[in-house]
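Read-outs throughout are calculated quantities, based only on the coordinates presented, and are distinct from any laboratory measurement. Keep in mind that this is a model prediction, so the values were computed, not measured. Reconstructed Cβ throughout: ideal geometry from the backbone, glycine too, with neighbour counts over all protein chains shown.
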Amino acid sequence: MSKPLPSKIHYHKQSRELELIFNNGFSFRYSAEYLRVHSPSAEVRGHGMQVPILQYGKKDVAIMNLEAAGNYALKISFDDGHDSGLYSWDYLYNIGKNHAELWSLYLQRLEQEGQQRQSSSIQFKQL
């Protein structure tokens, strides 16, 4: 059995969701926030650490650019400046299949660490 490979990749800009349809019939829609907080980069995964570095305040993040990395991955650039993770097809397939569990664990960790999905930046009103 061959590894699942995407046969279609589409970014839905308005909903900020990346859709991948794989050659085995599975399809997944990933929010930009989900992809950002589950980035495979060292910035998020850590350098040899077992517990990933919690990403928070990413609810409104968007994807700015998608770029193929050879025939094995996507390089995703986000509007918060993050662009160092290479999302392999295997990785994208895995986080798609395990979305419910991974998202639940992420929300639990946010709560445990007293953080929020929403950015806590202060907005100023001009008088």
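In plain terms, the residue of His10, His99, His38, His82 with the fewest other Cβ atoms within 10 Å comes first and the most crowded comes last, giving His10, His99, His82, His38. Which trypsin sites (Lys or Arg not before Pro) does segment 1-87 hold that lie in a coil by DSSP with at most 15 other beta carbons within 10 Å? Within segment 1-87, the qualifying trypsin sites (Lys or Arg not before Pro) (loop, at most 15 other Cβ atoms within 10 Å) are Lys13, Lys59. Pick from Ile53, Ile76, Ile63 the residue whose mean-square fluctuation is largest in a GNM of the chain, springs joining Cα atoms under 10 Å. Taking springs between Cα atoms under 10 Å, the residue moving most is Ile53.
Find the relative contact order for segment 6-112 and round it to a whole percent, using C-alpha pairs within less than 8 Å whose residues are 6+ positions apart. Computed over segment 6-112, the figure is 18 percent. Largest mean-square fluctuation among Gln14, Gln55, Gln108, in a Gaussian network model of the chain whose springs join Cα atoms under 10 Å apart, belongs to Gln14. Farthest toward the positive end of the dipole of the chain, out of Gln108, Ala68, Ile9, is the Cα of Ile9, where the dipole comes from beta carbon charges about the Cα centre.
Taking all C-alpha pairs of the chain, those more than 21 Å from each other amount to 42 percent. Rounded to the nearest 10 degrees, the angle from helix 99-112 to the longest Cα principal axis of the chain is 20 degrees. Other residues whose C-beta falls under 9 angstrom from the C-beta of Glu33 contribute a net charge of +4, scoring Lys and Arg +1 and Asp and Glu -1.
Scanning the chain for chymotrypsin sites (Phe, Trp or Tyr not before Pro) in DSSP loops with at most 14 neighbouring Cβ atoms within 10 Å leaves 73-123 as the longest stretch between them.
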